[in-house]
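Report on the structure given below.
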Amino acid sequence: MKTIIAGTALAVAALAASQLALAQNSRTLDITWIDVEGGAATLLVAPSGESMLVDTGYAVGDRDAKRIYAATQKAGLRKIDHLVISHFHGDHMGGLAALAKMIPIERFYDHGGTVDAVDQGRLDEYKAVAGGKRTIVKPGDEIAMAGVKTLVVSSNKALLASPVPGGGANALCSDAPLMSAAGGENQRMVGVLHSYGNFRFLNLIDLDWQMEMELACPINKLGTVTLYQTSRHGSLDGAGAPAFLGAIRPQVVVVNNGPRKGLGQTDTRIQPVTIAGKPAAPYEKNSYLRLAKLPGIEGIWQGHLSLLDNNPAHSTTTDIVAKVDDSADCQSHEITAKVAADGKVTITNGRNGFSKSYVARGN
């Protein structure tokens, strides 16, 4: 009798352990690209429930702080465990002060105290909010979040020194086009590479073409990625270097653009650079087409329909565009991703409920 009871107890314990493991494996890494009208605010919630927010959008009457707070509540969060402020431009940290009054923020991460004079006020505001919870990060640092690895790959004009597994020599570098530096905060930013099993999500925020080339040439230090959030909101004259994009080979791209910001926008401050008069290989100048022509690309999702370039061939299909109108006051729509432990990624358009799944290839 005792043997039967012991055996039953063991069976019950094994079943409970199996159910717990199944429950843990059924949880997903959840990513939300919050509509901050062409700014940036990306929320990650790990399977453990731990959270990270990268950037806080604009100030604009607390609009973006309210949208971010709504996303945290939808995710069931009582606090933000980690807040990364990539750099001190108004479209990336403007919503911070208001957001900090809406929900507790446990830890803050940034590139340090060097900024241009025009950005000093925002740095001072940030320091006042962060207080003693602030951490200055450098390339190679990891921000600990249970179950998800977040590697800092750029910060304060410094870049990752050694390639990650899967990185290596980049054959696209020999005649790759070069651009002049954007300078300032667009070279100082905290760029991060998130990894969850085979899934890898690269977010370099507004890092410029010149710095991308240093990350990709002659050695690709980042390997390949599952998902890439476009730098500079999809304005790929100042970012999206072909040798860089060809090296990371994203399966899926999310463009955090606005109706008149990012895709279709040009930056005349960024100019081609030649080395010893040697011409660079030709490349696709249109931002969307440059992404669409990448080998292995499976989907390009946009935060907004671009009204700067109304050529339908220069935009993704509208079922995977989160917002198709121009008003900053109307209802916002998010793009969300659920990443399973087995590498299945399901992305959903909050405007129409359209979903599509992908399977992470791994590095």
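The values are calculated or read from the model by the stated rules, or taken from the named source; none is laboratory data. Being a predicted model, the structure only gives us computed values, none of them experimental. Glycine also receives a Cβ, built like all others from the backbone with ideal geometry; neighbour counts cover every protein chain displayed.
Some notes on this structure:
- Per the conditions (1) out of contact with any Lys or Arg (no Cβ under 6 Å at 6 or more places or on another chain); (2) within 20 Å of residue 336 (Cβ to Cβ); (3) touching a residue at least 60 places away in the same chain (Cβ under 8 Å), the sole criterion not satisfied by residue 68 is (3).
- Looking only at residues of region 121-156 that are in a helix (DSSP H, G or I) and charged (D, E, K, R), we find that the one that is nearest to residue 97 (Cα to Cα) is 125.
- Number of the condition not met by residue 340 [criteria: (1) free of Cβ contacts under 8 Å to residues at least 24 places away in the same chain; (2) of a type in the set (A, V, I, L, M, F, W, C); (3) surrounded by 14 or more Cβ atoms within 10 Å (Cβ to Cβ)]: (1)
- Top-ranked residue of region 236-261 - restricted to ones that are small (Gly, Ala, Ser) and under 15 Å from the mean Cα position of the chain (by Cα), ranked as surrounded by the most Cβ atoms within 10 Å (Cβ to Cβ): 239
- Residues satisfying the stated conditions in region 61-96, i.e. surrounded by fewer than 17 Cβ atoms within 10 Å (Cβ to Cβ) and farther than 20 Å from residue 232 by Cα: 61, 66, 70, 73, 74, 75, 76, 78, 79
- Entirely in region 28-104, the helices (runs of 4 or more DSSP H) that have 2 or more residues that are closer than 19 Å to residue 124 by Cα, under 18 Å from the mean Cα position of the chain (by Cα) and not small (Gly, Ala, Ser): 90-93
- Per-region count, region 203-223, residues touching a residue at least 60 places away in the same chain (Cβ under 8 Å) and either outside any loop (DSSP other than H, G, I, E, B) or surrounded by fewer than 21 Cβ atoms within 10 Å (Cβ to Cβ) (or both): 4
- Single match in 222, 294 (criterion: modelled with pLDDT of 95 or more, under 20 Å from residue 174 (Cβ atoms) and in contact with a strand residue (DSSP E or B) (Cβ under 7 Å, 6 or more places away or on another chain)): 222
- Candidates 184, 166: the one that is out of contact with any strand residue (DSSP E or B) (no Cβ under 9 Å at 6 or more places or on another chain), touching a residue at least 60 places away in the same chain (Cβ under 8 Å) and surrounded by fewer than 24 Cβ atoms within 10 Å (Cβ to Cβ) is 184.
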